[in-house]
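Take a look at the structure set out below.
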Amino acid sequence: MELWVYAEQRRGKLVSASLELLGLARGIADKARWALSSVLLGHNVEVLCKELIAHGADRVYLVEHPLLELYQCEPYSRILAKLASEAKPEAILFPHTAVGSDLAPRVAAKLRTGLSAHVVNIELDERRLLRQIVPGFGGSIMAVVLCPERRPQMATIMPGVARKPKPDWSRRGEVIRVEEEVSEEELRARTLELVEEPPEEKPLEEADIVVAGGWGLRSREGFRIVEELAEALSAAVGGTRPALDEGWIKPHQMIGHSGKTIRPKLYIAIGISGEMHHTVGILDSGVIVAVNNDPSAPIFEVCDYGVVGDAFEVIPRLTSMLRELRGAQLKQEP
Amino acid sequence: MVKQVPYELVVCIKQVPDPRFISRIRINPETKTIIREGVPAVINPLDKHALEEALRIREQHGGRVTVVSMGPLQAEDACKEALAMGADRAVLITDRRLAGSDTLATALALSKAIRRIGGFDLVLCGAETVDGSTGQVPPQLAEFLGVPHVTRVFSLALKGREAEAKAALEYGYRRVLLRLPAVVSVIREINEPRIPSVSGILRAHQIPVEKWTIEDIGLSEDEAGIKGSPTIVSDVYEIEVRRKREVFQGPPEEAARWLFERIVSVLGG
Amino acid sequence: MEFTFTSKQEMLRKAAREFAEREVAPRVQEMDETGEVPMDLVKKMFDLGFGGLLIPQEYGGSGMGHVARMIVIEEISRISPPLGFTLQIVHLGQAPVIYFGSEEQKRKWLPELAKGALIASSAVTEPTGGSDVLGIQTTARKEGDEWVISGRKCFITNAHFSNIHGVLAKTGDREFSYFMVEADRPGVKLGRKEDKFGLRGCVTGEIAFDEVRVPEENLVGSPGKGLRVALASISNVGRPGVAAVALGILRRCLEEAAKYAKERKLYGKPISDLQAIQWKLTDIYMDYQTSWLLVYYAAWLRDQNIRVDAENAMCKLWATEAAVRAAKLLTEVFGAYGVLREYVPQRLLRDAQVLIPSAGTSDIMRVVMARKALEFSP
């Protein structure tokens, strides 16, 4: 019995989410005593098999063809469905990426089986069923999804749910080459090219991460620590009314009652005391982090993680830790 | 002179709880079902973008826009609003036996309805809904219709029997050459949906919303609703946002490290 | 009795609200600061059909009627009272032609007025007569088959972008006639624009007519019966329109008060827990609800073609004074922040106050109502 992980590659490099998924799947496979296999489609990607095995796959199904170099929904879904109906895996996991969420549903439809989307937690229950936990209604409700009868059980998993495992390059595994015919006619939705663009400067309301500064930063120079942290996180920069009055931010960056209301995944308030006229603009944020040297500052009432301390000492250190991590990640990411 | 190539356009819409009031949604602790009372219902926002795109295609090339929806009777309001925006025809598949349909059963039902409507050149959908937000129906619908699909489209240009689409990726996009007929799902950036005009509202009240049952679309009871759904929801619970209020006080290096670990964890590695 | 709106009216409300929240809201601050009319938004209102609500379908409008009109003005005014007011004056300018125009006049002007190709002002008030309308001094004398009009009008809203003006002129002793005067006729001169402290973003100003010649066809209604044309239009369209703008302000006051009270924390809890604040909210609520009832009741009566000058006057008096009360209370709910220009309450208060002398002061409203009140004895 096998558990499959779809290995997404882009431009000949494995997408980080696929490797994370292997880590997650390895845990499930060990518990269920299933073999863990990965399915890889592309052109001239054989070299990636070793990486998949090093990250936990016992076996890799490799399908190569020039026309499969870029993601193509019809041949990719056809081939995956064909392999699955022959090998009959117990479950197939996909990363919930743009490609994963484009591909997995079509495969599930071909196999007439169940698929859950953007799973944030997945566990095996006593019946060897995968309990798939998915957010609904914008995250305010969680549902547990099961696929009790049909096989394979399928799910797309949110990137970031699992940690990328440490590769063990001494691991051994099997590579099964599968020969498949692909014709031009089959490419009715043909990906012509990938165009990569750096993330645009999003308006504050659309940013996933916002770093904001307030009166505690004392000067334009002081405000720079906010900008540097934001840069290290690819975050948007915001601020309070005092920051606007001092000219450290522009009007469209002001957060609060007479400014913007935002709900980013992560909000970091630096040198902000947190009175209501500001905090009313951030209450729906995913996680709120605050740094302030006044332990009685109201911001600590509404934060998840707070540090009482000197922002000028703490933030630059945090920024350099994040820069270091990003440097390491960039070497891995496509 | 732009050559008129009229297109048969189908737009799938879903009536969902108004996302602005989503925090009011409650779970019935006994039946584990969603209580939607007190939460106004709207057309799923991304479906409006899909409809807008169809209307623009009709304006540019000529053709007909049919809106299809699957839902309870009150979804008729969403269909009426679509007619007010300019759709030519609205079909609501409404049948108690469809309750509890997962995306597979939904896609199958929609595909049968679309086949019953007749030939089509393009089916447009919103990339995801505000309630389930799986995004799964468009590709599954395409599979059941036997046509190609592209999801997360933010730019679409039709030329005869082909279309060039730009579909969003995490950092950028892919250019896709699509052969019609096809299914596309669209994201917010594609256009700005129009506001229904007074004449649209009056027109909408003169075009009846057609209501179809599973017999009308040729779907069997086994393929419908819970029976036709491979996945089930075994439990539902509300998430309450309670701030952790964990506060650290200590030397800067440790404080920075403490924050670093938590931030990295929130961002998922 | 039925207190529900029809499905069409509900859809219209949704569309008007969407327009207001999406297109108008971002421009509100700029309108208040510059006092300029956003002509692109005026055009959008016409494109959506908001300009033709009172014009029958056979003449290019939608004929949706008075209740529908109140809905649209309320929704737009909830976001921008000046834009709501601009729209209501658009309708007022059309009214003489709709209700008193000859068949030829209707066919000639109404389709253009519905589309917004023609925008008409209602030029009645003068320095010598607003409340005292009989005191106006603009004259019109007949020369051959033309009328020659001379005089000065003031406090005329929309005059500066209207391309046709509805002018009330004296044609005899205590005799008045109503004329449509195209803006490009020689002798039509726009004067100063007033600098109002509220309702900024709708333009009010002076317009002068210096021996302007108009043909006989431009006389609306019977000669000498112009006062009725002007006053009936103001009664059925102008006053309710002002009331609907006030209703939008009232609605907004209620929403802002509730929101602020729940967010603002003092003494360790939201101020909405304090009865003093609750009572302010209930008073705003009562003012909103009573105004709502009067406005929609009068509109419903008008849609039944019942003559309701007293009800029109009543809803105008009540809703405008209620709006001022509610805006003042809102300002108090906000505490010190209520007097700051960057917060909404002070703008609503300024906007509401400008409605008080519009389409007739509260005293004139009482004069109109007195007649009806006296009829209550057998």
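Here are the numbers for the structure shown:
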| quantity | calculated |
| --- | --- |
| Around B:His49: net Lys/Arg minus Asp/Glu count, Cβ-Cβ under 12 Å | -1 |
| At 1.002 mPa s and 20 °C, Stokes diffusion of segment B:7-223 via Kirkwood alpha-carbon radius, µm² per second | 122 |
| Two-site FRET efficiency, C:Met39 against A:Lys88, from Cβ-Cβ distance with R₀ of 56 Å, rounded to 0.05 | 0.25 |
| Sorted by Cβ density within 10 Å, fewest first, the residues A:Cys303, A:Cys49, B:Cys125 | A:Cys49, A:Cys303, B:Cys125 |
| Backbone N under 19 Å from the C:Arg371 label point (7 Å along Cα→Cβ), restricted to segment C:147-180 | C:174-178 |
| Bins of 20 Å, starting at 0 and running to the largest distance - Cα pair percent for chain A | 28, 46, 25, 1 |
| Segment C:156-247: trypsin sites (Lys or Arg not before Pro) falling in loop per DSSP and having at most 16 other Cβ within 10 Å | C:Arg174 |
| Net charge of Cβ neighbours under 9 Å - reference A:Leu187; Lys, Arg +1; Asp, Glu -1 | -1 |
| Relative contact order, percent, chain B [alpha-carbon distance under 8 Å, six or more residues apart] | 23 |
| Simple label model, 7 Å out from Cα along Cβ direction - C:Gln278 to B:Glu30, nm | 3.1 |
| Protection-proxy order for peptides C:119-130, B:7-18, C:74-85, C:286-297, each taking the mean of Cβ atoms within 10 Å per residue, highest first | C:74-85, B:7-18, C:119-130, C:286-297 |
| 222 nm mean residue ellipticity, helices alone, for the protein assembly as shown (DSSP H n ≥ 4; -39,500 (n - 2.57); rounded to 500) | -12000 deg cm²/dmol |
| Peptide ranges B:160-167, C:150-157, A:190-197 listed from the most packed, as the mean C-beta count within 10 angstrom indicates | C:150-157, B:160-167, A:190-197 |
| The protein assembly as shown: Cα Rg divided by the 2.2 N^0.38 Å rule of thumb | 1.09 |
| Relative contact order [Cα under 8 Å, 6+ residues apart], segment A:93-196, whole percent | 28 |
| Estimated translational D of segment C:37-155 in µm²/s (Stokes, Kirkwood radius over Cα pairs; 37 °C; 0.692 mPa s) | 209 |
| Charge context of B:Arg26, other residues only, Cβ under 11 angstrom, K/R +1, D/E -1 | 0 |
| Relative contact order for chain A, counting Cα pairs under 8 Å that sit 6 or more residues apart, in percent | 15 |
| FRET efficiency for A:Leu129 and B:Glu162, using Cβ-Cβ distance with R0 set to 45 Å, rounded to 0.05 | 0.55 |
| Per-residue mean of C-beta atoms belonging to partner chains within 10 Å, peptide C:5-17 | 4 |
| Hydrodynamic radius by Kirkwood, which averages 1/r over all alpha carbon pairs of segment C:267-315, in angstrom | 12.9 |
| Residues C:Gln57 and A:Lys13, FRET efficiency given R0 of 45 Å [Cβ-Cβ distance, rounded to 0.05] | 0.10 |
| Sorted peptide list for A:209-220, C:17-28, criterion being average Cβ within 10 angstrom, highest first | A:209-220, C:17-28 |
| Loop chymotrypsin sites (Phe, Trp or Tyr not before Pro), segment C:180-269 (other Cβ atoms within 10 Å of the site Cβ: 11 or fewer; DSSP) | C:Phe197, C:Tyr267 |
| Loop sites in segment C:311-378: GluC sites (Glu not before Pro), DSSP, at most 15 other Cβ within 10 Å | C:Glu342, C:Glu375 |
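A short reminder: the numbers here are calculations on the coordinates, not readings from a lab. Here the structure is a predicted model, which means the values were calculated and not measured. Virtual Cβ from ideal backbone geometry, glycine too; neighbours counted across all protein chains shown.
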